[in-house]
Amino acid sequence: MQTTSPPRKQTGLTRRSRAALVAAGFAVAATAVTVPLVTPLSDGKAPHVGLVIPEGWRAGQVYAAVDKALRLPPGSTRKSLSKAHLKLPRDARGNPEGYLFPASYPLPERATPQSVLRHMVETANKRFGGGTITAGAQRHALTGYQAVTIASIVQAEAATKADMAKVARVVFNRLERGMPLQMDSTLNYALKRSTLKTTVRDTKINSPYNSYRSMGLPPTPISNPGEDAMRATLNPAPGNWLYFVTVKPGDTRFTASYEEQQRNVAEFNRLRAARQRPRGPYDAGAGGGSGQR
């Protein structure tokens with residue numbers, strides 16, 4: 001049984017060939033649902049849709065979106081946390097990361113940052129705290145908070161919805177074998193960035209979110225996952241995979257073989273270099289040559 005991974009300089013475990021989420025965007029997530037924000041309105045006016053939180057956004061992105069939707073100075077929502085009295089798991093220690101449920105939120109005219117955050121957390125508790133979810137977490141010897149943490153990694157790492165259950169299986173396989181997760185997504189969270197480029201130097205930073213050095217799960221979720229990611233976490237696909245890499249859009253390869261992973265990573269790097277190569281006047285147009293999009 002393999003209990004350690006080869007040196008990080010030799011492998012790229014979880015690089016994904018897709019664009020990172022853009023904090024300023026308000027694109028609706030594919031499975032986002034409209035969640036009424038129940039706040040009394042003294043003037044009787046109907047609420048309007050004013051806030052969309054995509055799956056996988058981090059708490060900082062959510063705070064900025066609430067500030068913008070409520071036309072408040074930047075930083076207002078973050079400062080309101082201590083007054084929001086959020087009903088979070090004890091393990092969260094007041095940090096709502098992972099529990100700001102992604103959805104479309106109608107905002108009453110008198111909505112406040114505290115009321116918006118409370119409703120997001122209440123929605124997450126309903127979606128993630130039911131009997132089915134609790135039983136599923138217990139089946140994998142997880143607390144509910146640990147399940148949300150894994151779901152947040154799955155949300156950040158999976159290139160497509162179809163890949164989520166396989167990514168979840170990689171997480172479980174590595175945990176069961178006592179291997180570090182070696183997820184670039186947790187490292188990006190530590191460095192407060194979103195990128196596909198991870199260097200050997202990056203993997204040496206001193207942070208509990210550096211899953212190249214720290215064993216087990218990160219101390220908190222690294223994003224706010226949706227129901228698909230949670231479903232995949234509680235029902236991981238069967239398989240012995242320990243590695244994966246999205247070589248190109250639509251082509252994510254999972255394997256238990258380190259040597260095969262190395263070949264896949266080499267192909268990923270080769271295709272990425274080709275995409276970044278400056279084009280001359282006689283180069284093939286988009287879609288030509290190597291078949292890249």
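The values are calculated or read from the model by the stated rules, or taken from the named source; none is laboratory data. Since the model is a prediction, treat every value here as computed from it, not as a measurement. Glycine gets a Cβ as well: all are built from the backbone with ideal geometry, and neighbour counts include every protein chain shown. Surface areas here come from the heavy atoms of the whole protein model, side chains and all, with no ligands, DNA or RNA. Shrake-Rupley method; radii C 1.70, N 1.55, O 1.52, S 1.80 Å.
Numbers for the structure displayed
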item: Region 48-63 residues that are more than 15 Å from residue 115 (Cβ to Cβ), paired with ones that are among the basic types (Lys, Arg) and at pLDDT 95 or above (beta carbon under 9 Å, 6 or more apart); result: 59/78; 60/78
item: Criterion (of a type in the set (Gly, Ala, Ser), under 30 Å from residue 240 (Cβ atoms) and modelled with pLDDT under 95) met by exactly one of 159, 168; result: 159
item: Complete set of residues in region 258-293 that are modelled with pLDDT under 50 and among the acidic types (Asp, Glu); result: 283
item: Single residue of region 214-240 satisfying the filter (of a type in the set (Val, Ile, Thr) and assigned to a loop (DSSP other than H, G, I, E, B)) that is surrounded by the fewest Cβ atoms within 10 Å (Cβ to Cβ); result: 220
item: Tally of residues being within 21 Å of residue 184 (Cβ to Cβ) and part of a helix (DSSP H, G or I) across region 126-163; result: 14
item: Residue 87 vs. criteria open to solvent by 90 Å² or more (accessible area, probe 1.4 Å), at pLDDT 95 or above, farther than 29 Å from residue 187 by Cβ and of a type in the set (D, E, K, R); result: yes
item: Members of region 132-181 found to be touching a Lys or Arg at 6+ places or on another chain (Cβ under 7 Å) and among the aliphatic types (A, V, I, L, M), listed by number; result: 159, 181
item: Filtered residue count, region 106-128, keeping only those that are open to solvent by 50 Å² or more (accessible area, probe 1.4 Å) and within 21 Å of residue 223 (Cα to Cα); result: 5
item: Residue in region 122-131 that is under 19 Å from residue 229 (Cα atoms) and of a type in the set (S, T, N, Q) present; result: yes
item: Residue satisfying condition, being open to solvent by less than 10 Å² (accessible area, probe 1.4 Å) and of a type in the set (Phe, Trp, Tyr), within set 258, 243, 209; result: 243
item: Options 142, 181: the member that is under 24 Å from residue 238 (Cα atoms), aliphatic (A, V, I, L, M) and more than 16 Å from the chain's Cα centre (by Cα); result: 142
item: Any chance residue 196 is open to solvent by 10 Å² or more (accessible area, probe 1.4 Å), under 23 Å from residue 265 (Cβ atoms) and part of a helix (DSSP H, G or I); result: no
item: Residue that is modelled with the lowest pLDDT, among those in region 246-255 that are open to solvent by 50 Å² or more (accessible area, probe 1.4 Å) and in a strand (DSSP E or B); result: 248
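Conditions tested, residue by residue: (1) closer than 29 Å to residue 234 by Cβ; (2) in contact with a Pro (Cβ under 8 Å, 6 or more places away or on another chain); (3) not hydroxyl-bearing (Ser, Thr, Tyr).
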{"site": "81", "(1), (2), (3)": "yes, yes, yes"}
{"site": "84", "(1), (2), (3)": "yes, yes, yes"}
{"site": "93", "(1), (2), (3)": "yes, no, yes"}
{"site": "102", "(1), (2), (3)": "yes, yes, yes"}
{"site": "108", "(1), (2), (3)": "no, yes, yes"}
{"site": "118", "(1), (2), (3)": "yes, no, yes"}
{"site": "128", "(1), (2), (3)": "yes, no, yes"}
{"site": "137", "(1), (2), (3)": "yes, no, yes"}
{"site": "155", "(1), (2), (3)": "yes, yes, yes"}
